[in-house]
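Encoded as structure tokens, the structure appears first; notes follow it.
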Amino acid sequence: MVVSYPQTSLENDAYKIALEQYDRAVAHANLDDNLVEYMRYPRREFIVNFPVRRDDGRVEMFTGYRVHHSTVMGPSKGGLRYSTAVTLDEVRALAMWMTWKCALVNIPYGGAKGGVVVDPKTLSLGELERLTRRYASELIPLMSPMMDVPAPDMGTNPQVMAWIMDTYSMNIGYSVPAVVTGKPLAIGGSEGRTEATGRGVVVCMLAALKYHGITRTEGVRVIVQGFGNVGSNAAAYAHELGFKVVGVSDVEGGLYNPNGLDIPALLTHQKAVGRIAGFPQAEVVTNDELLTLPCDVLIPAAMEGMIHAGNAEKIQARFIIEGANGPTTPEADDILNDRGVYIVPDILANSGGVIVSYFEWVQDLQAFFWGKSAVFENLERILTAAYQTTKQTAEQLHLDMRTAAHVTAIQRVANALATRGIYP
Ligand code: GLU
């Protein structure tokens, strides 16, 4: 097989990781080499440099990206990230993962991702709105409910989605709620979307524990790295179900209490002071230390590449449920698999977000809205089915769950591609 790579510096680890995971999976997927080569490439990539007027009158230039990795199964779908770490290669990796994630959970979307190189904490609310609206207007030719549908990711939130929806709608001439998901409820958002990713992580944790004969939650110790939308909602739901959340962290550092943290109190504290630091009755630890503390389940819900060859050996958890995208490098995968650590991969474990985004899009298109229990019931049904399919593939082909998830997803996209044929 001829293995080539899209033209890239390959400097960004996330993209190297995404391509390596792809190569590992296609080795077991029994696919036509032509299709293997096709799916390696992003369909289209957009780079835009745009001005934003700061509150003091200065005009500053920003760079934004949007990559549509695949549109084979439907509109491309994926979040929009505001971070100084955003690069084209990172966005390419995240877009590719969205393709596999949507295919794995069987929702009719391709994969995309976008990002703007900015630290949103350095912007006033007005600057954030102007940056978002200008970036959104640059994206208009590339997005629509049937073409590409953005959503929140790191550094963005429902308000940012509301500005994107409004910018698009004002330009089109009428309200188009389905152009973006993760919107506030007032403008066509879905019940349960905010909690969806974190909740889905916990649903996958329950499935993984059950598969290993553990059906109780009491006394099962959980550590969550990252206390943004995904980590905080996962910790909250795990706590609600009776798990003992012994450690959490945000960008500034971590907290550890072997007797369990009072997560509702921690959430109240975080809301009041904007960080988890300063919360009483917990030992202060670094983000690195947190990952290797004693626990049964580790939920990385921060950034890519947090679990690597340098710390994989020291991880004490028996289960890793990936809330973040790309938190584990392939080298760390090898070490952890050898040690018998059971990993539920990102494209399965954190798919709750895009699953409920799909429900939001369906509700917007039908102009008919569901209650929260219908959202959560359908979320669990889809996630559990995807977990079972992945587990079966893993058992049949003697693969780890990450490779099995990728094989399942890649085969689905390849099958659709082969059925549609190569145009012209
Ligand atoms: N940003 C989320 C993810 O990485 C959600 C994407 C979406 O809802 O479209 O899965």
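The table for this structure:
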| item | result |
| --- | --- |
| Sum of side-chain charges, LEU35 neighbourhood, beta-carbon under 15 Å (Lys, Arg +1; Asp, Glu -1) | 0 |
| Surface share of carbon and sulfur [accessible, 1.4 angstrom probe, percent] for the stretch 10-166 | 51 percent |
| Whether the stretch 114-263 is rounded, prolate or oblate, judged on the alpha carbon gyration tensor where a/c under 1.5 counts as rounded | prolate |
| Accessible solvent surface per residue of the chain, calculated while the other protein chains remain in place, 1.4 angstrom probe, Å² | 41 Å² |
| Gained length - PHE50 relative to ASP32, 0.36 nm times residue gap less alpha-carbon distance | 2.3 nm |
| Above-threshold pairs, the threshold being 24 Å between Cα atoms, out of LYS244/LYS391; LYS101/LYS391; LYS210/LYS391; LYS183/LYS244 | LYS244/LYS391; LYS183/LYS244 |
| Rounded, prolate or oblate (a/c below 1.5 giving rounded, otherwise prolate when a/b exceeds b/c) for the stretch 232-374 by Cα gyration tensor | oblate |
| Relative packing of peptides 37-45, 92-100, 229-237, 329-337 - highest average C-beta neighbours within 10 Å first | 92-100, 229-237, 329-337, 37-45 |
| Under the span-like rule (Cα at least 20 Å along the axis, Kyte-Doolittle mean at least 0.0), DSSP H helices of the chain | 88-104, 158-172, 193-211, 352-366, 401-420 |
| Share of carbon and sulfur in the accessible heavy-atom surface of the stretch 185-312 [1.4 Å probe, %] | 54 percent |
| Counted charge near GLN316, where neighbours are those whose Cβ lies closer than 11 Å (Asp, Glu -1; Lys, Arg +1) | +2 |
| Counted charge near SER249, where neighbours are those whose Cβ lies closer than 14 Å (Asp, Glu -1; Lys, Arg +1) | -4 |
| The stretch 155-220-the stretch 255-304 distance, computed between alpha-carbon centres (Å) | 23 Å |
| Cβ-Cβ FRET estimate between LEU241 and LEU365, R0 fixed at 25 Å, reported to 0.05 | 0.15 |
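The values are calculated or read from the model by the stated rules, or taken from the named source; none is laboratory data. Everything numeric here is computed off the predicted structure, so don't read it as measured data. In this analysis, Cβ positions are derived from the backbone assuming ideal geometry, glycine residues included, and neighbour counts consider all displayed protein chains. When the accessible area is computed, the model is the full protein with side chains, heavy atoms only, and any ligands, DNA or RNA have been set aside. Shrake-Rupley method; radii C 1.70, N 1.55, O 1.52, S 1.80 Å.
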